[in-house]
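The values are calculated or read from the model by the stated rules, or taken from the named source; none is laboratory data. Note that the structure is a prediction, hence the values are computed from the model and not measured. Here the Cβ is made from the backbone with ideal geometry for all residues, glycine too, and neighbour counts use every protein chain on show. Heavy atoms of the whole protein, side chains included, go into the accessibility calculation; ligands, DNA and RNA do not. Shrake-Rupley method; radii C 1.70, N 1.55, O 1.52, S 1.80 Å.
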Amino acid sequence: MPEIKLKHVVSCSTEDTAHKADNLLSSDTYRKWKAARPGEKQTSVILQFEKEEQVHSIDIGNEGSAFIEVLVGNSSAIRDQDYEVLLVMSSFMSPTESRNGTNMNRVRFFGPNQLQKSTAQEKWDRVKIVCSQPYNKNIAYGVAFVKFHSPPDKNDPSPTTSPKLTKLGQFRVKDDCPSSGPSLKPGSLFFSRDNASKPSASLKGKSVYLTLLPQAKRKFEFSKEQTVGGPPPSKKMSPAGSPEGKKKESQSKSKPEPKQQKAKSKVAQQIPFKQIMEGVVFVLSGFQNPFRGELREKALDMGAKYRPDWTPDSTHLICAFANTPKYSQVKSAGGIIVRKEWIIDCHKKRQKISYKQYLMDGAESTSESDMDDESEEEIKTKVLFFFFVLFCFVYIKRNFFTLVKRVEKESRQKKTTAEVKLDKEEDPYGGSTDENTDAEAEEDHPIPELPDFLSGKYFFLYGKFPNNERRLLLRYIVAFNGAIEDYMTEKVQFVVTSEGWQDSFEDALMENGNLNFVKPAWIYAINERQKMLPYQPYSVVP
């Protein structure tokens, strides 16, 4: 992949006298760009390409920054709103590493799958690098080096022999035994992952002296490539020799069914996935990384535009909590404030859903036009859900009454047995000589099964709990078919704690991004209401 040459520095928010922004134009990595003073809230630099280029991959060497974001634009861009996000805010140092000052020079390679596809497919001549370090106010941070690569030329032949030593500034990739494996070049792993249908050859002979972070999630992109690039569905053809098959073909051609025509018209009118949220300019409030980056990436994939702060051209505020300063600002300006579920559901169903159902103040009453827009599949799912709830209600009600009757019958039996015992004590020869009574002959009814609200969910109880609360939580989780882990494993999804937010939770989130820290009140609420409740209102936040 050819490297994109940098022409000059357009502007810079701050720079050190020894480590200026012009050092990024040189290929020597020991010449870095750092902020002028420690504790800067945010630093940025704008670089100019020699000509308009399409960015295929990015190599970034860190210099004490916790997060780095890359935006692109054209030379006609004047405001920050004119820049588009190419690489979402990516983590280079954890909070613990930032406070201790360790692993400050981590290097990350970002391939085409980690860049915004809509932005990476266009050509740009300017790039803006934004760095931040909110965890340590005592260091001057910046960037050690940055390199941009354009898409590889398909006509160029692939090299047959691999060099023994590949140099990337100060960092080197050494080949201990050249005959054991293929060549390893910067960015080659990302390029070969897309083109190769089978897993690449093992790199047992390679020793890489770099610290690489795990690849970002690309589940959606992988499923999207499968649906787009998959083979067309096979059509069943009737035998050509049989006269019945010819008749059926002629009838199907002459008289097409109206349902198929409607389906074709709907498919023809479907909006492309990249244009679902075209015209939407959104702002995020109250979310933390990495979930903030995932939510923003989903909206950008659907054609929306992102703004870090509320601007006159902004249309929607995706808010996590109500009554925040940004919430009050947007509400006074008359903006639309919605929950995060709007972005998630639109991305999941691959269609634009009315935002009125996701308003922060409560969903408005749907109009007739909104009801008409609902597809037949949505109506069917709603009807099935209604009957499912009705069936569950009848089933629980019937079992409840049978359980009450059984308890009453057992209490009566206990009373009768107690009376018989008293009679026997008074008159030892006046008892009945029958072997079995009617109560003993009756068959026991099975105890109704408990609901499995927590089926498939794994829990871990952290810290100390007052009195007998730990034992009670264990009983509720096991009763609702939940699984309890003795240690913090990769399966754990929910951490139940009554001690509030701890500093160790941040390290746990860096290792397992699927963790959710909740209060014991969530388990108690599920038991009281006897239904599954969302965990977000009971989350533990810093």
### Summary
If we ask which residues in the stretch 291-342 are surrounded by 16 or more Cβ atoms within 10 Å (Cβ to Cβ) and on the phi > 0 side of the Ramachandran plot, their number turns out to be 1
### Summary
Checked pairs for the stretch 24-35, first farther than 9 Å from Ala144 by Cα and open to solvent by less than 40 Å² (accessible area, probe 1.4 Å), second at pLDDT 85 or above and of a type in the set (Ser, Thr, Tyr), C-beta under 8 Å and 6 or more apart or across chains, list as Ala35/Thr14; Ala35/Thr43; Ala35/Tyr141
### Query
Does at least one position in the stretch 44-62 carry a residue that is part of a loop (DSSP other than H, G, I, E, B), out of contact with any His (no Cβ under 9 Å at 6 or more places or on another chain), under 20 Å from Ser132 (Cβ atoms) and of a type outside the set (A, V, I, L, M, F, W, C)?
no
### Top-ranked residue of the stretch 280-289 - restricted to ones that are touching a Leu at 6+ places or on another chain (Cβ under 8 Å) and at pLDDT below 90, ranked as surrounded by the most Cβ atoms within 10 Å (Cβ to Cβ)
Ser285
### Message
Quick test for you: out of Gly61, Gly39, Gly101, pick the one residue that is of a type in the set (Gly, Ala, Ser) and in contact with a strand residue (DSSP E or B) (Cβ under 6 Å, 6 or more places away or on another chain).
### Response
Gly61
### Hits in the stretch 516-542 (condition: part of a loop (DSSP other than H, G, I, E, B), touching a strand residue (DSSP E or B) at 6+ places or on another chain (Cβ under 8 Å) and within 21 Å of Asp452 (Cα to Cα))
Lys519, Pro520, Tyr535
### Summary
Checking Gly431, Gly482, Gly463 in turn, the sole residue that is at pLDDT below 55 and surrounded by 10 or more Cβ atoms within 10 Å (Cβ to Cβ) turns out to be Gly431
### Residue that is farthest from Asn105 (Cα to Cα) [pool: residues in the stretch 5-23 that are surrounded by 13 or more Cβ atoms within 10 Å (Cβ to Cβ) and small (Gly, Ala, Ser)]
Ser13
